[in-house]
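Visitor: Pasting in a structure now, in structure tokens, and then I'll have a few things to ask.
The values are calculated or read from the model by the stated rules, or taken from the named source; none is laboratory data. Because the structure is predicted, anything quoted here is derived from the model rather than measured. With ideal geometry, Cβ positions are generated from the backbone for all residues, glycine too; neighbour counts draw on all protein chains shown.
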Amino acid sequence: MDKKTLQQLKQLRKSLRQDAVAAKKPRVQLVVPSDKELFLRAMADVKPLTIQQFAHPPQPVSPWPRQQRIEDGSVYADMTDFWPWDELAEGEQLHFSRPGMRLEQLKRLKKGEFAIDGELDLHGETVDSARQQVAHFLVQSQARKYRCVRIIHGKGLSSKDGFPILKLKLKNWLVQRDEVLAFVQAKPSQGCAGAVLVLLRVDRGRR
């Protein structure tokens, strides 16, 4: 064996010994921190803010009832004419009751057993003026704690086609008013087909 080959074998043996020693050394396992641990480390120097509650100043109470502000149109703005009920059969009686309305009260209203606390006559009114008159009347009636009122809409005898226009409008308007619990056509002695009896919600908390 020549000298060069011997030198190569010595280097190979040295390399194998180094590999064997490295294999016996314990391997260091890297621990990767979780997202929560990383967040806590990042927030370690952060101090929580002191929560200070803001005291809102009390709102001044208006001397005027909210629903009596009729001049700005806000009270009757929800009394729209664009309502699903756009037809009224000839001779059809006005009739409506809120869900949950007691049947005995509705029967009493149909029989005219409720005392009429107030009345509104819409003869000679246009659609726009009638809408305002109805809104004002309902607001004032509820403020006075009226239970049952009568609204005279007429039979439409003086209208162009002899059709009671305000009768249909009134039907749509009343359904959209929260204070209206029910309404029916008046009895013959109370106006019959030209008037409607309206049962109003009474706010017990304002008594």
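Visitor: Filter the range 166-193 down to the residues that are free of Cβ contacts under 8 Å to residues at least 40 places away in the same chain and closer than 24 Å to Gly100 by Cα and list them by number.
Guide: Narrowing the range 166-193 to residues free of Cβ contacts under 8 Å to residues at least 40 places away in the same chain: 178, 188, 192.
Across the range 166-193, the qualifying residue is only Asp178.
Visitor: Now for a separate question. Do you know which residues across the range 164-192 are assigned to a loop (DSSP other than H, G, I, E, B), surrounded by 17 or more Cβ atoms within 10 Å (Cβ to Cβ) and touching a Gly at 6+ places or on another chain (Cβ under 9 Å)?
Guide: If the condition is that a residue be assigned to a loop (DSSP other than H, G, I, E, B), surrounded by 17 or more Cβ atoms within 10 Å (Cβ to Cβ) and touching a Gly at 6+ places or on another chain (Cβ under 9 Å), then Pro164, Ala186 are the ones that fit.
Visitor: Let me spell it out: the conditions are (1) buried (at least 20 other Cβ atoms within 10 Å of the Cβ); (2) at pLDDT 85 or above, and Arg144 meets all of them except one. Which number is the exception?
Guide: Of everything listed in (1) buried (at least 20 other Cβ atoms within 10 Å of the Cβ); (2) at pLDDT 85 or above, Arg144 misses just condition (1).
Visitor: Could you list, ordered by first residue, the pairs with Cβ atoms under 7 Å in which the first is in the range 115-128 and over 15 Å from Lys167 (Cβ atoms) and the second is in a loop (DSSP other than H, G, I, E, B), at least 6 apart or interchain?
Guide: Asp117/Tyr146; Asp117/Arg147; Gly118/Tyr146
Visitor: Take Gln132 and decide whether it is closer than 21 Å to Pro99 by Cα, at pLDDT 85 or above and in a helix (DSSP H, G or I).
Guide: Taking the combined requirement at face value, the residue does not satisfy it.
Visitor: Restricting attention to the range 33-68, which residues are among the β-branched types (Val, Ile, Thr) and modelled with pLDDT of 80 or more?
Guide: To start, the set of residues in the range 33-68 that are among the β-branched types (Val, Ile, Thr) comprises 46, 50-51, 61.
Hit for the range 33-68 is Val46, nothing else.
Visitor: Working carefully through the options Glu104, Glu119, find the one that is closer than 19 Å to Val198 by Cα, modelled with pLDDT of 90 or more and touching a Lys or Arg at 6+ places or on another chain (Cβ under 6 Å). Steps first, answer last, please.
Guide: On the way: Glu104 fails: touching a Lys or Arg at 6+ places or on another chain (Cβ under 6 Å).
Residue meeting the stated conditions: Glu119.
Visitor: Given (1) surrounded by fewer than 17 Cβ atoms within 10 Å (Cβ to Cβ); (2) in contact with a helix residue (DSSP H, G or I) (Cβ under 9 Å, 6 or more places away or on another chain), where does Met101 come up short, assuming only one miss?
Guide: Answer for Met101: the failing condition is (2).
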